[in-house]
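Structure, as structure tokens:
The values are calculated or read from the model by the stated rules, or taken from the named source; none is laboratory data. Here the structure is a predicted model, which means the values were calculated and not measured. Cβ placement follows ideal geometry from the backbone for every residue including glycine, while neighbour counts extend to all protein chains displayed.
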Amino acid sequence: MKKLTCRCDYVVELDVPDVFDIDADPSFIARLADGDSPSAVCPRCGAVVRAELPLRLSSSARGIDLVVLPEADRLAVYRGKADPGRTSEILLGYQELFERARALRDGLDPRAVEALKYALQGKAEESEPTADIAVLYNGERDSSLEFHILGLKSGQAGVVRLPRASYDKIALDAKSSFAREPFKAIFSGRYLSIKKLGFLSSTSEA
């Protein structure tokens, strides 16, 4: 049992295991994919209090070993100075955890999803070069893969649906494609996300 402090300063108790065993609770991935994180309702103010990060997820059947670190650790992760122990793959923040859960729920290779996000982000930045673009995988819809594009000047999220064939093509050619840049850099180390490209670019230019 862990004690969490609500924004109203009330201390809430939440039973959070050291490691979430996905094999023991197959429904856990589906709940995460829907944005249902380990949490409790504050009895004083009614606010939802999420479990504090880091969280660990494992599945021997799926070969999953993940640690979810706080968003505040992003720069330390980029610099290779975060030390969550073991050899777990790293995710940063609940948003990335929910996104990964959707990919796992839909039976997708997370690297191929990142490759599609890379292509979509590039197109969005071409049309709005000064915008701070972020692309999120939102799930499979009617045999298409739906992505949300955030940071557009309009202040609204763009919604793009790609045919499943686009994913299948990337997944089929993954071995050769991911051995080349920029994917070689994206998928090196323990944090496998296109988000670190901006950091890698800035360090190469320094």
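Answer yes or no as to whether residue 116 is in the same structural domain as residue 168 (by TED's automatic domain parsing), aliphatic (A, V, I, L, M) and closer than 20 Å to residue 191 by Cα.
Judged against the criteria, residue 116 is a match.
Could you run through the range 84-105 and say how many residues are in a loop (DSSP other than H, G, I, E, B) and in contact (Cβ under 8 Å) with a residue 60 or more places away in the chain?
Residues flagged as in a loop (DSSP other than H, G, I, E, B) and in contact (Cβ under 8 Å) with a residue 60 or more places away in the chain within the range 84-105 amount to 2.
Residue 72 - would you say it is more than 25 Å from residue 194 (Cβ to Cβ) and either within 15 Å of the chain's Cα centre (by Cα) or surrounded by fewer than 19 Cβ atoms within 10 Å (Cβ to Cβ) (or both)?
For residue 72, the condition - more than 25 Å from residue 194 (Cβ to Cβ) and either within 15 Å of the chain's Cα centre (by Cα) or surrounded by fewer than 19 Cβ atoms within 10 Å (Cβ to Cβ) (or both) - is not met.
Going through the range 137-170 one residue at a time, which ones are surrounded by fewer than 17 Cβ atoms within 10 Å (Cβ to Cβ), polar (S, T, N, Q) and in contact (Cβ under 8 Å) with a residue 12 or more places away in the chain?
143, 144, 166
Suppose we filter the range 183-197 for residues that are surrounded by fewer than 16 Cβ atoms within 10 Å (Cβ to Cβ) and assigned to a helix (DSSP H, G or I); how many remain?
3
Across the range 1-33, what is the total count of residues that are in contact (Cβ under 8 Å) with a residue 12 or more places away in the chain, within 27 Å of residue 88 (Cα to Cα) and either among the hydroxyl-bearing types (Ser, Thr, Tyr) or assigned to a loop (DSSP other than H, G, I, E, B) (or both)?
Within the range 1-33, residues that are in contact (Cβ under 8 Å) with a residue 12 or more places away in the chain, within 27 Å of residue 88 (Cα to Cα) and either among the hydroxyl-bearing types (Ser, Thr, Tyr) or assigned to a loop (DSSP other than H, G, I, E, B) (or both) number 7.
If we only count strands (runs of 3 or more DSSP E) wholly inside the range 117-182, which ones have 3 or more residues that are over 18 Å from the mean Cα position of the chain (by Cα) and either polar (S, T, N, Q) or closer than 25 Å to residue 35 by Cβ (or both)?
Per the criteria, 158-163.
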